[in-house]
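Step one of this worksheet: look at the structure below.
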Amino acid sequence: MSDLYQNNLFSKKEKKIYTVAEITEYLQALIKEDTLLSDFWISGEISNFYHHSSGHMYFTLKDKNSQLKTVMFKGYNSALDFEPEEGMQVEARGNLDIYAQRGEYQFYAREMEKAGKGKLYEAFEKLKAKLDKEGLFADSRKKEIPLLAKKIGIVTSPTGAAVRDILSVMKRRSGNFSVLIIPAHVQGNLAKDEITAGIEYLNSRDDIDLIIISRGGGSIEDLWPFNEEKVARAVYNSRLPVISGVGHETDFTISDFVADLRAPTPSAAAELATANREEILNRLDNLNQRLLNSSSAKIKEYKNKIKSLAERRIFSSPAEIFRTYEQELDRIETKLEHQIEKDYNSWENKYQLLYQKLNNLSPLKTLDRGYSILQDENDKTIKSVDQIENGDLLKARLSDGLAELEVKASRKVGDIDE
C-alpha cells in the first residue's frame, strides 16, 4: 500500500498538494486491495476491436449504459478457440487496473468465451453423464471397424473442408473401395435432423460397410450438432460401425464418445476407414515372419522333446514296459480261476439241494409210492366221484405209464364203509 494512502490523503490538518502520479498510485492501491475487482467475470459487446501486430488485442466491452476499455495480451488470447469480432457478445474473466500513462482504468482479460458458452458446456457435461450412465459409451458394445471396407458412407457437408480432406486422403490410399456422400448441414438448426437422417439412411442400405460422420473445426457452437442427444442415439443404434471425425484433435463431442472409433480429424477418419495396400503387405510380411519364427521355434522344441524321449530306457527296451503288467495279469488270472471254481462248486451244491427238495415235492415222486392220477378224456384231473359217472372213460397216470379205465360203478367214502 502506498505511503500516500497510509498518511490519509484527505486529512484536513494541513494543505498538501499531490501529483497526478500519486493520485493514480493511490487509486491503483485501492483497486488491487478490492477482492472483487481482482478477479471477476463480465459480459458485454465487443466494439472498436483491434488485433495488434504484437499479438495483443485491444477492444471495448459495452452494454446499453456503459463501456469499459479492455486489453487481452497475446499470452492469454492465444488460447481462444474463436476469433473475436466486432459486435460479438462475450463473457470475459480478468481484473481491473489503471493504465497510468493515460490515467484510464481498464479491464485486463485473461479468459474469454462467447456469451452462453458456459451454458453449452454445462449442457454438454449433463448429457455426457446421462449417456455414460446408460452405457452408450461402453467399450463392450463398440463394433469392430472392418479392415477392408468395400463401400463407405460419409455424412458431412458436401462443400466443407472436411469432405475435401477425406477424399484427398482416400485418393492416396490403395484399395478397392467406393464412397457414398450423404449431404447434411453440420452446423445450425437443421444439422441434427439431417445428420440423424443420414445415419439412418445408410443403415437402411445393404451395400454399406462403414459410416463416417465428420466436419472441420470450429467453436463449441459450430460443433454443437454433434453434441445433440438425437445424433448420439442415432450413432449408438447404428447396426453399422461408425467413425466420428469431428473438429480438431483437441475437440471432443458426444458423438466421439458414442462412436465405435473416434478420429482426431476428418483426415485421420479417412485413414482409419481405409486400408493402405503397402501397410497391409507389410503387415502380412510381419505376420508371415512371426509365423515362421514361431513355427521354427515349436519344431525345434518338439525335436528336442522327441530326442529326449527317445533316449529314455523305456524306448530303448520297450519290452520292459510290459513285464510288470504281464506278471500282474498272471496273478489276476490265477486268482480269477480259483474264484470261479469256488463259486461254481458253491452254486452246484445249492442246485443239488434245491433239486432234491423239488423232487421230493414232485407229484411223480408220489406216483412212485403206488399212487396214480385220474384224468378224464379232456385231461382234467378227477378229484371227486361227483365228477364221474358209470361208463365214463378215464385215464390213470402211473409212475411208469398210462392206463385207460372205464367206470363200472362209483361210491362215496361213506357208502364204502356201509
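The table below lists the values:
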item: Close pairs (7 angstrom Cβ cut-off, 6 or more residues apart or separate chains): in contact (Cβ under 8 Å) with a residue 60 or more places away in the chain and among the hydroxyl-bearing types (Ser, Thr, Tyr) in the stretch 256-272, surrounded by fewer than 23 Cβ atoms within 10 Å (Cβ to Cβ) and part of a helix (DSSP H, G or I) anywhere; result: Ser267/Asp165; Ser267/Val169
item: Residues within the stretch 187-219 that are surrounded by fewer than 22 Cβ atoms within 10 Å (Cβ to Cβ) and either within 13 Å of Asp256 (Cα to Cα) or in contact with a Phe, Trp or Tyr (Cβ under 7 Å, 6 or more places away or on another chain) (or both), tallied; result: 1
item: Any hit, the stretch 61-70, residues being of a type outside the set (Ser, Thr, Tyr), within 46 Å of the chain's Cα centre (by Cα) and buried (at least 16 other Cβ atoms within 10 Å of the Cβ); result: no
item: Any chance Leu131 is in contact with a strand residue (DSSP E or B) (Cβ under 8 Å, 6 or more places away or on another chain) and either surrounded by 14 or more Cβ atoms within 10 Å (Cβ to Cβ) or of a type in the set (Phe, Trp, Tyr) (or both); result: no
item: Checklist (1) without any contact (Cβ under 8 Å) to a residue 24 or more places away in the chain; (2) of a type in the set (A, V, I, L, M, F, W, C); (3) part of a strand (DSSP E or B) applied to Ala109, failing item; result: (1)
item: Complete set of residues in the stretch 375-409 that are touching a helix residue (DSSP H, G or I) at 6+ places or on another chain (Cβ under 9 Å), part of a strand (DSSP E or B) and among the aliphatic types (A, V, I, L, M); result: Leu398
item: Some residue of the stretch 127-143 being of a type in the set (D, E, K, R), assigned to a strand (DSSP E or B), over 30 Å from Ile46 (Cβ atoms) and modelled with pLDDT under 95; result: no
item: Matching option when the condition is surrounded by 13 or more Cβ atoms within 10 Å (Cβ to Cβ) and either hydrophobic (A, V, I, L, M, F, W, C) or at positive phi (or both), among Ala149, Ala138; result: Ala149
item: Residue in the stretch 117-124 that is surrounded by fewer than 17 Cβ atoms within 10 Å (Cβ to Cβ), under 23 Å from Gln28 (Cα atoms) and modelled with pLDDT under 90 present; result: no
item: Flag if Tyr355 is among the aromatic types (Phe, Trp, Tyr) and more than 22 Å from Arg411 (Cβ to Cβ); result: yes
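The values are calculated or read from the model by the stated rules, or taken from the named source; none is laboratory data. Just so you know, these numbers come straight off a predicted model, no measurement behind them. Every residue, glycine as well, gets a Cβ built from its backbone with ideal geometry; the counts of neighbours run over all protein chains shown.
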